[in-house]
Amino acid sequence: MMAPAAPVIRVDGVSRWFGSVVAVSDVTFDVTPGITGLLGPNGAGKTTLLRMMTGLADVSSGSVKVFGQSVRDNPPLYQRMGVMSEHESVYGFMKGREFVRMMAKLHGMERIDEAVDRAIDLVDLADAQHRPMRTYSRGMRQRMRLAGTLVHDPELLILDEPLNGADPRQRVHFKRLLQKLAAEGRTIVLSSHILEEVEELADTVLLIVNGKLAASGEFHAIRAALNQRAYHVKVVCSDPRGLASAAVGLSSVDAVHVDPDGGVLILSRNVLDVQVELPRLAQAGGISLRRVEPLDDSLESVFGYLVEG
Amino acid sequence: MTTQLTAAAESGQPPVRTGTVFDIGYRSYTGEREGLNRSRLAVYKDGIRIALGFGRGGRAKILPWFFIGVLAFIGLIMAIVAGAANRIGGPEAAEQLPSHGDYYSIAAIIIFIFAAIVAPELLCRDRREGTINLYLVRPLTGGDYIAARWAAFLTITVAAAWLPQIILFLGLSMGDPDPIGYLRLHWLDIPRFLAAGIVMAAYATTVAMLVAAFTLRRAYASVFLVGLFVITTPFTIGMASEIGGAAGEWISMFNLADIPLYVVDLIFGKPSMLTKDIPAVHLPATTLILWYLAWTLIPGAVLWWRYRRLSP
Amino acid sequence: MGAVYSLTLRQLSGKWRLVIMTVLAALPVLIAVLMLHSAHASSVKNFEDVVLSTMLAGSIAPLVVLAIGAAAFANEVEDRTLANLTLAPIPRWKIVLPKLLATITIAGPFVAVSALLTSYVAFLGDARAVLAVTMSALVGVALYASAFVWLGLVSTQAIGLGLLYIVLWEGFFSGFVSGIRLLSIRYYAIGLMHGLDPRRFATGNNVSFGAAIALCAVVFAGFLLLAVRRLRRMDVP
């Protein structure tokens, strides 16, 4: 039996702080061929982590190895990597084709025109390639930048929020393109804060919250794991303690907290049951319910579980 | 937003999720709305903040405060030297030294560089990054914006021009063995240097902002301004001394760094140490004043015109 | 390297910038012409002090180079396009050196032609004097370029700091305090000029020829190396 292939990217105990602000905290994971999605709310540290993975930023501690070598201060490695940062700025005065040509030259390519044509066709911008990039729409700029990233045919692609500002048609095109590239054996790492995108594209998901790696693995498996967790229901009523002691008696309730401000937090894995029983308990105890709120439908609370869990 | 699972789930079918929005007491603003002047004031205050680097961390504060420090320092040195001369040689010796009237000819270049570096911060950023539109989509006009920014920068430059003079005055009066006597003799200096400060500041502010209004990158604006002030000096001096005569006087008028200084001299009644050798000093007072006004009002008008036409 | 070089050339040459540089470069030439035709010829020392030392080497050359050189990297950092270059599999010096050369390519001709014409007119076509002035002006441009390209990479306040350096250090202090001349690019250039044509330029309190050459080399290479080091170690936006 063959030993498992070495990971394309190995991130080991990586942290990054800026003064007293910790942006990334002790993150460890491996990236293998296929599409890996870096998911997390804005400000979670995804961009900082990606910049460290591409060698654009330094780590405060830990190490990042790409293809087995340290990525920092190692220019030859970029031959095999294509990186697209989140900044949308381009050289406005350059024509699209000139930009891709420049990227090809910088990567030391030989048959430049061929490669440039291929890259521009991949992103479907052949008609606009002779116009200056300042005349491009936002989506076109992203695509031309992607062409510049792909022109040297890299094995590893690292894309920071590549679907930012793309319209639905472009999204579809982009996704198909990434899937095709991945099917050819490449490794693609892309970051996004949009759950659905990552769900559709990524084989592996890395969930980053507050600078920490909160979950990793296959998307649906993570979702299922979430379903094992208790949901929170917040109740505001006229007699918190009375309701709390009644709720504890329900078999569907795992735990009950009473907040100092008088709110009651009910943890249950069967919200449906709680929704039915709660009014009955309240009526029996002569308690009036002012508010009943399941706290779990926002993305933040999904992330919240994983962080607290 | 709250979601409720209905009892349909009990019948074995998948739960039907409905959505309801509750009234949690959102209210729109019903307080007093202050008028246009309040927004102008806001742009003004913001201009002061930007110029002095408040709210933007340490690095943004270094340059402006450094210049203010240098200006104050020059005033301080002058005061100390005068005090020392007073002790050693008596009040007559102190009279010979550079005083309020000479301060601006010494410090002019610092004021201009200060303007060259700070003015672009006030104007270029907003146009380059597009944030000017945040102002223009409000009841503010482009003219309101530039007037408020100009006023903010003028305030700062005037303060920077007054501070060293105040230090100098305090130093001179306290260095004198009879401070009250000094005050009584020299109290006229106070309105003089206050007026002179405004003259210097108005010119520096307006010209600097004019250049900044025509370029998007702060760097080019700053270098161009400094180039204007720094290079015209040896150039016009060289040409004026070569050509001489009346033509020479007019050529030295194009020494942009000196234009306000002639008016300052007029305020103080005598040419300062550094300007007395310049041929232009011999021109009649009205000419000098009109020249100054031309170089302040015309740039001001162009500045106004440039921003008035801006729309989001 | 060629790609970075041509990119930088395009980035830094704009129509208005070139016009302004032409105007600036023409000023010393004008003065020289005037001085020649005026009734009283000023002494070489006077001309050297006012026109060559102050205007050309002390103001025009450094200001022009500052505007171009600081922008070479500062614009990329500000626009966040520097990553396009640093993510290429080329050694960092192949990014810095072409930027530096592009700066010299743009600023050099203006200063060189200005120096050439000024000295040609002033010294009545004396080849050696013209060569001395022009060469030292070019070396001055190269040195300022190296320093300001580094400054533009290192600081977001590059222009302000550069202006302070030019006006206070080069313009003011080095004129008064002789020791500072050993640390002043302007005086390296002047020292070179004196060394290349000693008969024409009476030696004043200047940097000696040998010392000037050595210091020029050190300064040029030094800032270049500092810029490469910085590029390797910085966090690229």
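The values are calculated or read from the model by the stated rules, or taken from the named source; none is laboratory data. Just so it is clear, the structure is predicted and the values come from calculations on it, not from any experiment. Note that we place each Cβ from the backbone using ideal geometry, even for glycine, and neighbour counts take in every protein chain shown.
Residues that are out of contact with any helix residue (DSSP H, G or I) (no Cβ under 7 Å at 6 or more places or on another chain) and more than 14 Å from A:Val235 (Cα to Cα) within the range A:258-279 comprise A:Arg269, A:Asn270, A:Asp273, listed in sequence order. The set of residues in the range A:246-285 being small (Gly, Ala, Ser) and either buried (at least 19 other Cβ atoms within 10 Å of the Cβ) or within 14 Å of another protein chain (Cβ to nearest Cβ) (or both) consists of A:Ala246, A:Ala247, A:Ser252, A:Ser268, A:Ala282.
Looking at the range B:226-238 only, could you name the residues that are more than 9 Å from chain C (Cβ to nearest Cβ) and in contact (Cβ under 8 Å) with a residue 60 or more places away in the chain? Matches in the range B:226-238: B:Phe229 only.
Conditions tested, residue by residue: (1) touching a Lys or Arg at 6+ places or on another chain (Cβ under 9 Å); (2) in a loop (DSSP other than H, G, I, E, B); (3) farther than 23 Å from B:Ser222 by Cα.
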| residue | (1), (2), (3) |
| --- | --- |
| C:Lys94 | no, no, yes |
| C:Leu97 | no, no, yes |
| C:Leu100 | no, no, no |
| C:Val111 | no, no, no |
| C:Gly125 | no, yes, yes |
| C:Arg128 | yes, no, yes |
| C:Gly140 | yes, no, no |
| C:Leu143 | no, no, no |
| C:Val149 | yes, no, no |
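Considered as a group, the residues in the range C:77-100 that are hydrophobic (A, V, I, L, M, F, W, C) and over 19 Å from A:Leu159 (Cα atoms) include one that is nearest to the other protein chains (Cβ to nearest Cβ), and that residue is C:Ile90. Scanning the range B:202-217 finds no residues that are within 8 Å of chain C (Cβ to nearest Cβ), modelled with pLDDT under 85 and assigned to a helix (DSSP H, G or I).
Among residues of the range B:44-58 that are more than 13 Å from B:Leu123 (Cα to Cα), those with a Cβ under 6 angstrom from a residue that is assigned to a helix (DSSP H, G or I), sequence gap 6+ or separate chain, pair up as B:Leu52/B:Pro64; B:Gly53/B:Ala60; B:Gly53/B:Lys61; B:Gly53/B:Pro64; B:Gly55/B:Arg49. Residues that are among the β-branched types (Val, Ile, Thr), modelled with pLDDT of 90 or more, in contact with a helix residue (DSSP H, G or I) (Cβ under 8 Å, 6 or more places away or on another chain) and assigned to a helix (DSSP H, G or I): does the range C:182-198 have at least one? No, because not a single residue in the range C:182-198 is among the β-branched types (Val, Ile, Thr), modelled with pLDDT of 90 or more, in contact with a helix residue (DSSP H, G or I) (Cβ under 8 Å, 6 or more places away or on another chain) and assigned to a helix (DSSP H, G or I). Among the residues of the range B:88-133, those identified as charged (D, E, K, R) and either touching a residue at least 40 places away in the same chain (Cβ under 8 Å) or under 30 Å from B:Arg308 (Cα atoms) (or both) are B:Asp102, B:Glu121, B:Arg125, B:Asp126, B:Arg127, B:Arg128, B:Glu129. When A:Pro76 is tested against (1) in contact with a Lys or Arg (Cβ under 9 Å, 6 or more places away or on another chain); (2) facing chain C (nearest Cβ under 9 Å); (3) without any contact (Cβ under 8 Å) to a residue 40 or more places away in the chain, only condition (1) is not met.
Within the range B:142-199, can you find the residues that are aliphatic (A, V, I, L, M) and not in a helix (DSSP H, G or I)? B:Leu188, the sole residue that qualifies.
Looking across the range B:136-163, the residues that are within 30 Å of B:Ile190 (Cα to Cα) and of a type outside the set (Gly, Ala, Ser) come down to B:Arg149, B:Trp150, B:Phe153, B:Leu154, B:Thr155, B:Ile156, B:Thr157, B:Val158, B:Trp162, B:Leu163.
Say whether the condition of being crowded, with 20+ Cβ neighbours inside 10 Å and more than 26 Å from B:Arg217 (Cα to Cα) is met by at least one residue in the range C:53-62. The answer is yes; a qualifying residue exists. Just one of the listed residues (A:Ala23, A:Ala119) is more than 9 Å from every other protein chain (Cβ to nearest Cβ) and assigned to a helix (DSSP H, G or I), and it is A:Ala119. Right, A:Gly96: of a type outside the set (A, V, I, L, M, F, W, C), buried (at least 23 other Cβ atoms within 10 Å of the Cβ) and more than 21 Å from the chain's Cα centre (by Cα) or not? So A:Gly96 passes the test.
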